[in-house]
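The values are calculated or read from the model by the stated rules, or taken from the named source; none is laboratory data. All values derive from a computational prediction rather than experimental measurement. Glycine also receives a Cβ, built like all others from the backbone with ideal geometry; neighbour counts cover every protein chain displayed. Ligands, DNA and RNA are stripped out before the accessible areas are found, and what is left, the full protein with its side chains, is counted by its heavy atoms. Shrake-Rupley method; radii C 1.70, N 1.55, O 1.52, S 1.80 Å.
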Amino acid sequence: RSERFSSLSSGSAAPGPVPEGVIRLYSMRFCPFAQRTRLVLRAKGISHEIININLKNKPDWFFEKNPFGLVPVLETSKGQLIYESPITCEYLDEAFPGKKLMPSDPYERAFQKMLLEHFSKITPIVFKYFVAVKDGQDTTALKAEIAEKFGKLEEILSKRNTVFYGGDSISMLDYMIWPWFERLEPLQLKDSLSHTPKLQRWMEAMKEDPAVKATMTDPQTFKGYLQLYLKNSPEACDYGL
């Protein structure tokens, strides 16, 4: 695994073709969506290189990799491009050997995808909450909404009576939702888990996972990044380097 830590900005030259036997990930160090893909690359032990993109000052050529201009994007040595985080993760799981992260049972696969749909409604609220706190707005309603959604996730773990969402070992959904839980502390939402003991246990178990450990960002560093990000600073993506 090789990573070019400082990000490529507008005016930078496009990187050359992807070497044989490696897959390239266009990422950004603090992006939770790209962290999903990084978790799967690590969990499956896939040989990869990472190129970070400055999302506040994107290179023109990056829109040829993904018309939406977002990370994560995977590029293969054949020049194939795959984007949208759940799609990149499923692709890696199917295209590479090693432990399968998606369940083999069709219902269980559908269940994880449905749960991911539910979770995708939480991510914008979490960010909205953080911005509201920074702006000194009343966040009571947003906080209640987040707590209610976390309550649903708690319920599922209770009903299934397992440590992880797919059973007693980590599967795809755990990695898909982890990046936001990792960021609860810097987003000032740690106490929204006070009534969810199963979710707390899940978080502790996740923190023991090698892929989670390898991709984790220190909360202080993430806070520093967020402050710059909210100011639209082109320095945000390289914070702490």
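Please give the length that would be gained between Lys223 and Phe5 if that part of the chain were fully extended, namely 0.36 nm times their separation in residues minus their C-alpha to C-alpha distance (nm, one decimal). Stretched fully, the Lys223-Phe5 segment lengthens by 76.6 nm.
Computed on protein heavy atoms with a 1.4 Å probe, the accessible areas place Asp60, Asp105 in the order Asp60, Asp105, largest first. Binning all Cα-Cα separations of region 64-149 at 10 Å, short to long from zero, yields these whole-percent fractions: 14, 30, 29, 21, 6, 0.
Pairwise inverse Cα distances across region 95-190, averaged and inverted, put the Kirkwood hydrodynamic radius at 14.8 Å. Helices in the chain, meaning DSSP H runs of at least 4 residues, each add -39500 (n - 2.57). Divided by all residues, the mean residue ellipticity at 222 nm is -14500 deg cm²/dmol. If the chain linking Gln137 and Thr123 were pulled fully straight, counting 0.36 nm for each residue of separation and taking away their Cα-Cα distance, it would gain 3.1 nm.
At a probe radius of 1.4 angstrom, the accessible area of the chain per residue rounds to 48 square angstrom. For the chain, the carbon plus sulfur part of the accessible surface works out to 54%, probe radius 1.4 Å.
Look at where the Cα atoms of region 157-213 and of region 88-150 average out, and the two centres are 11 Å apart. All distinct Cα pairs of region 1-99 go into the 1/r average, and the inverse of that average, the Kirkwood radius, is 13.3 Å. The three principal axes of the Cα atoms in region 16-74 give end-to-end lengths of 31, 26, 15 Å, sorted in falling order.
For the chain, the fraction of alpha-carbon pairs lying more than 34 Å apart is 16 percent, rounded to a whole number.
Note on Gln188/Lys152: beta-carbon distance plugged into 1/(1 + (r/R0)^6) with R0 of 22 Å gives a FRET efficiency of 0.55.
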